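Before anything else, here's the structure in question.
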Amino acid sequence: MSSTSRESSSHYADKVAIVTGASSGIGQALVVQLIAEGAQVFAVGRDAERLNSLYGLTNAPVTQLATGQFDVQDEAACRQLVESCLSCFGRIDLVFCNAGRAMKGAFLSANSPLPSTGIMRTNYDSVVYLAFYTLPYLIHTQGHITVTGGIVSHVGLPEFSAYCASKHAVRGFIESLRREVTAEGVTLTLVSPDTVRTAVRANMQDACGNPDPIPYGDEKVMSAEQCAGKILDATRRKKRDVLLSTRARLLNLLQFAFPGLAQKVLAIRH
Ligand SMILES: NC(=O)c1ccc[n+]([C@@H]2O[C@H](COP(=O)([O-])OP(=O)(O)OC[C@H]3O[C@@H](n4cnc5c(N)ncnc54)[C@H](OP(=O)(O)O)[C@@H]3O)[C@@H](O)[C@H]2O)c1
C-alpha cells in the first residue's frame, strides 16, 4: 500500500458516503476504493443488476455497503435516497455527486432549442437536490460534497453546448454555495476529469437527444480507477477546484488569458 492510500485510508475509515452514478465507470470505482478504505457507502444508480454487482466487486457486507435505485433527476427520489442512507447508516459525512451523462452535437442541428434530453436535470438539478437535502446533516458532521465536473465545467468545447451548460451551471452553483457553507464547516470540491474510459461515450446523445455513441480512439486516456483515486485525493485534501489533466489546465488558462487563441485551438482540435 502506498503512503497516499494509507493516509486516505485513515481519512475515509468509518465515514458514511453517498455515491451517485455508482453503477458504472467513475462512480463504481469510487465505491470500490471507498469500501477498501473502510468507509460505509450508500451507492446510487438506476440499474439494479449493476448496483448489485458492487457486492461481488467489493466483498463488502450489507453493514458497510447499501445500494439504492433512484433517478437523481427527480427531487423526491433525491430526498428519499438521503432518508434511505440515514436509515441504513445513521449519518452522512460525504456526498459524491457523480451521476451524469454527456451530449454532443451542433446546436444548429437540434430540432428544438431545448430538446427534452434530461441533461440539465441529470447533471445540474441532481447536484442542487442532493446539496439541499444533505446539507443539514453535513453541517452536523462537518462534511463534504464532491462533484464530478469536467473540462466542460471550465471551457466551452464546440458542439457540446448542452453538456457544457449543465457542467458550467454546476460550477457556478458550487462556487457560490461554498461561500455560504464554509462558515458552517462544510467543504465543497469540484473535480474536473479529462477523458476517462467509461460507458459515458456509449451513452452519448446527439443534439436532438437521440442515442449517438462515440467510440474511444487509440488515445491514452485515464481509467475510471485512476480518476476515482484522484477524486478521493482531492476530497481528502479539501481542494476547491481541480482539473485532472495538464491539457485541461492549459486550455483553462488559455481561455482566461487569450480567449481568441483558445477558440482557434479548439476549432482545430474538433
Ligand atoms: N468519462 C469521461 O470522459 C468523463 C469526463 C469528465 C467528466 N465525466 C463525468 O463523470 C461522471 C461519471 O460518468 P462516467 O464517465 O463514469 O460515465 P458512466 O460509466 O456512463 O456512468 C454514469 C453513471 O451515472 C448514472 N446516472 C446517469 N443518469 C442517472 C440518473 N438519471 N439517475 C441516477 N443515476 C444516473 C448511471 O447510472 P445508471 O446507468 O444505473 O442509470 C451511471 O452509474 C459524469 O458526471 C460525467 O459527466 C466523465
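The values are calculated or read from the model by the stated rules, or taken from the named source; none is laboratory data. Since this is a predicted model, take the numbers as computed values, not measurements. Glycine gets a Cβ as well: all are built from the backbone with ideal geometry, and neighbour counts include every protein chain shown. To get the accessible areas, we keep the full protein, side chains included, count just its heavy atoms, and leave off ligands, DNA and RNA. Shrake-Rupley method; radii C 1.70, N 1.55, O 1.52, S 1.80 Å.
Conditions (1) of a type outside the set (Val, Ile, Thr); (2) open to solvent by less than 30 Å² (accessible area, probe 1.4 Å); (3) over 21 Å from Val31 (Cβ atoms), marked per residue:
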| position | (1), (2), (3) |
| --- | --- |
| Ala183 | yes, no, yes |
| Thr187 | no, yes, no |
| Asp212 | yes, no, yes |
| Ser223 | yes, no, no |
| Ile231 | no, yes, no |
| Leu250 | yes, no, yes |
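Just give me the residues in the range 201-230 being among the β-branched types (Val, Ile, Thr) and either within 24 Å of Pro113 (Cβ to Cβ) or more than 10 Å from the ligand (Cβ to nearest atom) (or both), in sequence order.
So in the range 201-230, the residues among the β-branched types (Val, Ile, Thr) come out as 214, 221.
Residue satisfying the conditions is Ile214 alone.
With the requirement that a residue be in contact with a strand residue (DSSP E or B) (Cβ under 6 Å, 6 or more places away or on another chain) and free of Cβ contacts under 8 Å to residues at least 60 places away in the same chain, what does the range 224-269 give you?
Lys239, Val242, Arg249
Follow-up. Could you tell me which residue of the range 21-52 is surrounded by the fewest Cβ atoms within 10 Å (Cβ to Cβ), considering only residues that are out of contact with any helix residue (DSSP H, G or I) (no Cβ under 7 Å at 6 or more places or on another chain) and farther than 17 Å from Ile231 by Cβ?
Checking each candidate, the answer is Glu49.
Every residue, every condition in (1) open to solvent by 40 Å² or more (accessible area, probe 1.4 Å); (2) more than 20 Å from Thr235 (Cβ to Cβ), yes or no:
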{"residue": "Leu54", "(1), (2)": "no, no"}
{"residue": "Thr58", "(1), (2)": "no, no"}
{"residue": "Ala77", "(1), (2)": "no, yes"}
{"residue": "Val82", "(1), (2)": "no, no"}
{"residue": "Arg91", "(1), (2)": "yes, no"}
{"residue": "Phe96", "(1), (2)": "no, no"}
{"residue": "Pro115", "(1), (2)": "no, yes"}
{"residue": "Asn123", "(1), (2)": "no, no"}
{"residue": "Ala131", "(1), (2)": "no, no"}
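Could I ask something else about it? Quick check on my filter: what residues within the range 107-124 are within 11 Å of the ligand (Cβ to nearest atom) and part of a helix (DSSP H, G or I)?
Answer for the range 107-124, where residues must be within 11 Å of the ligand (Cβ to nearest atom) and part of a helix (DSSP H, G or I): Ile119, Arg121, Thr122, Asn123, Tyr124.
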